[in-house]
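Read through the structure below, which is laid out as structure tokens, and then see the notes.
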Amino acid sequence: MNKKNNLLFKEFNPVTKKEWIDKANFDLKGASFDKKLVWKNLSKIDIQPFYNTEDQQEYLNNTGKNSKLLINYRSIKVKSAKNGNKLAVKAVEEGINGLLFDLKKKDVSVEKLLKNIDLNKVSISFKLRSNTTDIIKEFISYVKKQNVVTENVKGYVDLDIIPKYVTTGKNESGKFKKVEKIIEIAKDYPNFKAISISGGVYLDSGANQVQEVAYTLNSLVCFIQIFLKKEIDIQTIFNNLHFELAIGSEYFIEIGKFRAFNSLLYMVAKKYDVNDFSYTVTAKTSIWNKSVTDANTNMLRATTEAMSAILGNVDGVLIDPYDKEFKKSSDFSSRIAGNISTILKEESYFGKVLNPVDGSYYIEEVSTKIAQKALEVFKNIEAYGGYYLAFENGLIQQHIAEICLIKIKLISQRRLAVVGVNKYPNLMETIDAKILSNRFSKPNSKKTVLKPKRAAFEIEALRKVTEKLVKKTSQRPIVELTSFGNLNMRKARAAFAYDFMGVSGFDILAEKSYDTIKEAAETSARSDSNIVVICSSDNDYIENALQFVNTFRALNSDKVLLLAGNPVDIADQLTKAGLDDFIHIKSNIISLISNMQNKIQKTLKTLKV
């Protein structure tokens, strides 16, 4: 900065944080600063609207390093060695530098599977269900045969221990013996990890970021105790660790989550007198926030998720194709998924700058708070008796369910937006009922398990009812937006109603405005629509809504009649006169639309030809 600029800035006194807050409070005109401007995350972390030098603090240590050699994984389900190799070669040609082979068959030739794959440049990982040690023996034998540089052999082996246990309740303790053998087989290859711990299943079941970090570390301690009993050296255990965490949609929180996880992992290691060790973290796009309605939006979600994971210092990313949740992924969707991290790394320079978020007051604050709260949860589980006892007794499931219910409530009230699902639905889209979720029923077994699911499952279940109804009656319910009175308010409430009702899968007609209440009520009562939504201002409702409802019901007693707004002073009168419900920002979209579906089913049946 030159002398001229220095003189210029000297004319302005520094502004303290208190002065900024005082100014904000003045502009809020009596409204609460805390309620209006402070974001309260579901991990119970308060995010301030701004940070400055006064927020400097003791930063976390060991938050990881931005990986210039980021591994861009593609998961390949292996039906045969020939088919798997074909898909693998194609993936590498498209820029993929990490292959995760999902093997269920026992008789797959590793040599044929890896034909024409440069193991010096491409990381090879395996997700195995059976024949595990034989496959890894064959892999290591092939590596030696190809004269691959020892340090260049990268990847991991995932026996699906944690996800299988928490989703089925089955404790497959025999897998630990297999892991022990894999450690021995691959002992000369420090970058090929034999112990995989997946924590993504918690986030995909509705947990918050703090819980995901804490329970993953609790499961690590459980693993360590098991392997120590098998007399495996503690340094060897830590040097063989690979973690897979899910990536949620809260961009900055997710950055902080990965940084906090790295830091806490070192704290756990220090308790075992391990100060220097080698491990890897792979971030996988979550199931929880994906949608089958307006599915192209999943590409945007995956992009921001990959960005937050890379900035959070992961070693690799596994990005699912945007259409994975409802069909076999196409070549196009797989290619797009692979391109996301390549573009971020090469064209957006995410792999060119070392730790670009270091020193950001906001991210440092978030990382520290997540670490503090996750450590508290971690210690509580250990004090309870450890991971296994806590899960067997349902404590972990209970805590996740509590957060999950809050999320579902916020989504049903549209306070937590899921684009294309409860906000901005694509009304031009047709969708098959078969790919939509059902409502989850209570488990038959006494033991509660986790159920990875999409956050939109309740709303998808509503849409499923609509699509089944359409198929059964050959008619799609029609919603009519009837407006009158104040121009600005009627337009605003019609737009709100259009977006709100669009979630249902009904056919939403464009707003119709009327000059008189009588004309509006009579015309909408006699129209072919199944649902009518009254749209106007609160003052107009006080003066005219009761007349509208009485006139409407005198002509039609079958249609669903709604009002966009919440005029509490006259709500009881309108309900007694025949108004079915009110739609506003506090409405529960699930119960409201479900009630509408139940009422209009009888009407649609009578119209069937």
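Nothing in this text is a laboratory measurement; each read-out follows from the coordinates by a stated rule. All values reported here derive from a predicted model rather than from experimental measurement. Positions of Cβ are backbone-derived with ideal geometry, glycine not excepted, and every protein chain shown enters the neighbour counts.
Over segment 3-54, all Cα pairs binned in 5 Å intervals from 0 give whole-percent P(r) values of 4, 16, 18, 18, 16, 11, 7, 6, 3, 1, listed from short to long. Packing order of peptides 59-65, 218-224, highest average first: 218-224, 59-65 (average count of other Cβ atoms within 10 Å over each peptide's residues). For segment 474-607, the relative contact order comes to 27 percent (Cα pairs under 8 Å, sequence separation of at least 6). Short-range pairs are left out: with C-alpha atoms under 8 Å and at least six residues apart, the relative contact order of the chain is 12 percent.
Under a model in which nothing but the beta-carbon of Lys, Arg (+1) and Asp, Glu (-1) is charged, the chain shows a dipole of about 1940 debye around its Cα centre. Taking other C-beta atoms within 10 angstrom as a stand-in for reagent exposure, Glu364, Glu151 fall in the order Glu151, Glu364, fewest first.
With the cut-off at 1.5 for a/c, could you classify segment 98-240 from its C-alpha gyration tensor as rounded, prolate or oblate?
Cα axes put segment 98-240 in the prolate bin.
Would you mind calculating the gained length between Ser527 and Gln398 on full extension (0.36 nm times residue separation, minus the Cα-Cα distance), in nm to one decimal?
41.5 nm
Among residues other than Ser524 with Cβ under 9 Å from its Cβ, the summed charge is +1 (Lys and Arg +1, Asp and Glu -1). With K and R counted +1 and D and E -1, the other residues having a Cβ less than 13 Å from that of Ile570 yield a net charge of -4.
The shape of segment 490-609 comes out rounded: with a ≥ b ≥ c from the C-alpha gyration tensor, a/c is under 1.5. Overall shape of segment 246-344 was characterised from the C-alpha gyration tensor. The equivalent ellipsoid obtained from it has semi-axes of 30, 13, 11 Å, in decreasing order. Restricting attention to the chain, close to 5% of DSSP beta bridges with both partner residues there are antiparallel.
Each residue, Lys181 and Leu300, gets one label point 7 Å from its Cα in the Cβ direction; the gap between the two is 5.0 nm. Note on Lys230: aspartates and glutamates with a C-alpha under 18 Å away, same-chain residues under 8 apart excluded, are Glu172, Glu180, Glu184. Listed from fewest to most Cβ neighbours within 10 Å, the set Met596, Met307 follows the order Met307, Met596. For segment 309-351, what does the relative contact order come out to in percent, with C-alpha contacts under 8 Å and a separation of six or more? In percent, rounded to a whole number, it is 34.
Counting beta carbons within 10 Å around each of Leu245, Leu87 and listing the fewest first gives the order Leu87, Leu245. Taking a ≥ b ≥ c as the square roots of the eigenvalues of the alpha carbon gyration tensor, segment 392-469 is oblate, as a/c is not under 1.5 and a/b does not beat b/c.
Could you work out [θ]222 nm for the chain from helices alone, using -39500 (n - 2.57) per DSSP H run of at least four and dividing by all its residues? Round to the nearest 500 deg cm²/dmol. Display every interim value, and only then the final one.
Numbers: 23 runs with 295 residues, N = 609.
Roughly -15500 deg cm²/dmol at 222 nm, from the helical runs in the chain.
Assuming charge only on the beta carbon of Lys and Arg (+1) and of Asp and Glu (-1), the dipole of segment 19-113 about its Cα centre is about 1120 debye to the nearest 20. Taking each of Lys44/Lys407; Lys105/Lys284; Lys137/Lys175; Lys18/Lys257 in turn, the alpha-carbon distance tops 18 angstrom for Lys105/Lys284; Lys18/Lys257.
Across segment 307-464, the convex hull enclosing all Cα atoms gives 187 Å³ per residue. Placing +1 on the Cβ of every Lys and Arg and -1 on the Cβ of every Asp and Glu, with nothing else charged, gives segment 3-54 a dipole about its Cα centre of roughly 120 debye. The spread of Cα positions in segment 71-377, taken along each principal axis and listed from longest to shortest, comes to 51, 48, 39 Å.
Hey, if you put +1 on the Cβ of every Lys and Arg and -1 on every Asp and Glu Cβ in segment 3-54, which of Ile45, Asn25, Phe12 ends up farthest toward the positive end of that dipole? Towards the positive end, the residue furthest out is Phe12. Determine the alpha carbon to alpha carbon distance for each of Lys423/Lys453; Lys121/Lys170; Lys90/Lys127 and list only those over 26 Å. Listed pairs above 26 Å: Lys121/Lys170. Across the chain, the volume of the C-alpha convex hull divided among the residues equals 207 Å³ per residue.
Computed packing ranks the peptides 398-406, 510-518, 476-484 as 476-484, 398-406, 510-518, most packed first, by mean other Cβ atoms within 10 Å. Two-decimal Rg/Rh of segment 233-277 from alpha-carbon positions, Kirkwood Rh? Over the Cα atoms of segment 233-277, Rg/Rh equals 1.07.
Most tightly packed first, judged by the mean number of other beta-carbon atoms within 10 Å of their residues, the peptides 423-435, 113-125 read 113-125, 423-435.
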